[in-house]
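Enquirer: Please find one structure pasted underneath; my questions will follow.
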Amino acid sequence: MPTVDEVKAANSESLSNNDFLVNLALTFNVVNIPLAIFILILVCIACILFVVLVIFIVRSCIRRKFIPKSKRRPIKSIYLDEIPGAIPGQVEGQHGTLEYSLEYQLTKQQLNVGVIQANDLALRPGVEHLDPYASVSLLKVQGEKSKVFGKVNKTVVRKNSTSPNWQQTFAYQIPESELKCITVVFEVFDYDSIGQDICIGHLDVPLKEVDEGEYAGQILERTGWLKCGEPMMEGIGELCIGLCCNNTGSQIDVTIYEARQLTVADQLSSKRGSSVFVHLVLKHNKKRMGHYNTKPKPELINPYFNERHTFTVKSGNLDSCVLLCKLKSNSGRKKTLGHTQLGVDATSSTGAKHWEEMIKGPGKTHVFWHMLSVGNEDR
C-alpha cells in the first residue's frame, strides 16, 4: 500500500495539495491520482445502475401484486403444441384461437355444439377494429362427397372486440351411428352492415378424430387454432341484388342491378356474339314458386341489367323460401356460368344476411353485392 509521501511525489503539486484526492488514491491503493478519479467514476456508475435495477424489480413486484385479477391473462391449462388446427409452416396463433364445447345426449340423439369464445383474432389489413360473430355448420362426409347437415347457426355480433365472448350452444339431431361421418365447421366472420361479411378464420373438427366417450353424456371443452379465413369457393365476379318484401310477406320484389368484374370469357365457346343474362328461381321446400329471366347483355365484364321482378309468396312461407340467382350464357345450351343463393338457410353468409335484413325491414329495398360461385347449383 503506498504512503502519503509516495502519492504526493508521483503527482503534480495542484493534485498533491488536495487532501481528498490524496486520500482517494490511498483508498483505492494506487499512486496515480487521475487513475483514482477514474476508478471513482466507474464505481459511481455501477452504483447508479444497481439502484435502477432494484427500483425496476420492486416496481414490477408491486404492480403484479396490486393489479386487478380481472385484468390478468389466465394461464391456459393446455400445451400450445397440443392445440388442434395448427398448420405446418404457419406461425401458430397468427389467426387466433377458438374455444368450443361438444356434448352428445344419448337419450335425445342430440349433439350440442357450444361456441365459447375466441382469443387474439387478427385484424385484416386496413381495418382498425373487428365486429366478429361465429357460425356453426355440420358437414356430413360420405366417401369423397360432403354436404351440409342441418341448419347453419350463428352467434350474436360482438362489437369492436378481438377476443369476443359468446357462450352460445346450438343443438343438432343426429343418430349416434352417424357421428363419425360428421365434421363440425366453425367460422369466424367480421360483420359488415352494408356488404359481404369477411371470414377471418375457421376451424374444422372431424368427430371421427374425437373419442366419443369424452363427449357422450358430458361436456367436452377444447381450444383450437383458427386457420386462415380462406373463401370456401372461388368466384367469377359479383352480382348486385335488391330485395324488398311487403308488410304481409306475400310479395318479394327482386331487382337485378348489375354485375362486376366477371371472369367468364374462358367459359364461353366464342366471345363474338356472346351475351349473358340472370335467371331467377324462387323455391319453397324444393318446389318452384316462380322464375324470371333478365334481358341478355353483350357486356361480359360489367353488364348492367337494372330489371325488377315480383314474386308472390304464400303467407308464412317467406322464412323458408330460397332464391336462386344464376348467371347464364345466352348462346347454345345457355350454360350456367355462376350462381348465388339467398335465403335464411343459404350456404353463404351474405345470402342469409340479405334475406334476414329484408324480413326485418319490409317496404324497404335492401341492396347487397353477392359473390357468384363457379358452376351450377340447384336445390
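Coordinate-derived values only; no laboratory data. The shown structure was predicted, so the numbers you read here are calculated from the model rather than taken from an experiment. All Cβ positions, even for glycine, are placed from backbone atoms using ideal geometry, and neighbour counts span all protein chains on display.
Enquirer: Which order do the peptides 41-50, 147-156 take when ranked by the mean count of other beta-carbon atoms within 10 Å per residue, highest first?
Expert: 147-156, 41-50
Enquirer: Show me the ranking of peptides 345-356, 309-320, 157-168, 113-124 by mean Cβ neighbours inside 10 Å, starting with the highest.
Expert: My ranking of the peptides, most packed first, is 345-356, 113-124, 157-168, 309-320.
Enquirer: Test of understanding: express the Cα radius of gyration of region 235-374 as a ratio to 2.2 N^0.38 Å, with N the residue count.
Expert: Working: Rg = 14.7 Å, N = 140, 2.2 N^0.38 = 14.4 Å.
Relative to the 2.2 N^0.38 Å estimate, region 235-374 comes out at 1.02.
Enquirer: Let me ask you something else. Enumerate by residue number the GluC sites (Glu not before Pro) in region 92-176 meeting two conditions: DSSP loop (anything except H, G, I, E, B), and at most 15 other Cβ atoms within 10 Å of the site's Cβ.
Expert: On the way: sites: GLU92, GLU99, GLU103, GLU128, GLU144, GLU176; in loops: GLU92, GLU128, GLU144.
Within region 92-176, the qualifying GluC sites (Glu not before Pro) (loop, at most 15 other Cβ atoms within 10 Å) are GLU92, GLU128, GLU144.
Enquirer: How big is the Kirkwood radius of region 4-66, worked out from every pair of different alpha carbons and given in Å to one decimal?
Expert: One over the average 1/r among Cα pairs gives 13.8 Å for region 4-66.
Enquirer: Can you tell me how much longer the chain between GLU258 and PHE38 gets when fully stretched, taken as 0.36 nm per residue apart minus their C-alpha distance, in nm with one decimal?
Expert: Using 0.36 nm per residue and subtracting the Cα-Cα distance, I get 71.0 nm.
Enquirer: Let me ask another. Suppose a student asked you for the relative contact order of the chain, using Cα pairs under 8 Å spaced at least 6 residues apart; what percent would you report?
Expert: Relative CO of the chain lands at 13 percent.
Enquirer: Also, quick follow-up: Order the peptides 135-141, 235-241 from the highest to the lowest mean number of other Cβ atoms within 10 Å of their residues.
Expert: 235-241, 135-141
Enquirer: Rounded to whole Å and ordered largest first, report the semi-axes of the equivalent ellipsoid of region 86-225 derived from its Cα gyration tensor (root of 5λ).
Expert: Values for region 86-225, descending: 27, 16, 15 Å.
Enquirer: Sticking with this structure for a sec: Rg to Rh for the chain: what is it, with Cα atoms only and Rh by Kirkwood?
Expert: Value, to two decimals: 1.33.
Enquirer: Let me ask something else. For the pairs LYS287/LYS334; LYS283/LYS326; LYS140/LYS283; LYS147/LYS353; LYS286/LYS353, flag any whose C-alpha to C-alpha distance is greater than 18 Å.
Expert: Those over the limit are LYS287/LYS334; LYS140/LYS283; LYS147/LYS353; LYS286/LYS353.
Enquirer: Okay, next question. Can you compute 3J(HN,Hα) from phi for each residue in region 279-295, using the Karplus curve 6.51 cos²θ - 1.76 cosθ + 1.60 with θ = phi - 60°, rounded to whole Hz and x for Gly and Pro?
Expert: 9, 10, 9, 9, 10, 9, 6, 6, 9, 5, 9, x, 8, 7, 10, 6, 6
Enquirer: Suppose the chain between SER177 and LYS334 were pulled fully straight at 0.36 nm per residue; how much longer would it get relative to their current alpha carbon spacing?
Expert: Computed gain between SER177 and LYS334 is 52.2 nm.
Enquirer: Relative to the first principal axis of the alpha-carbon coordinates of the chain, what is the inclination of helix 33-66, with its axis defined by its Cα atoms, in degrees from 0 to 90 and to the nearest 10?
Expert: 40
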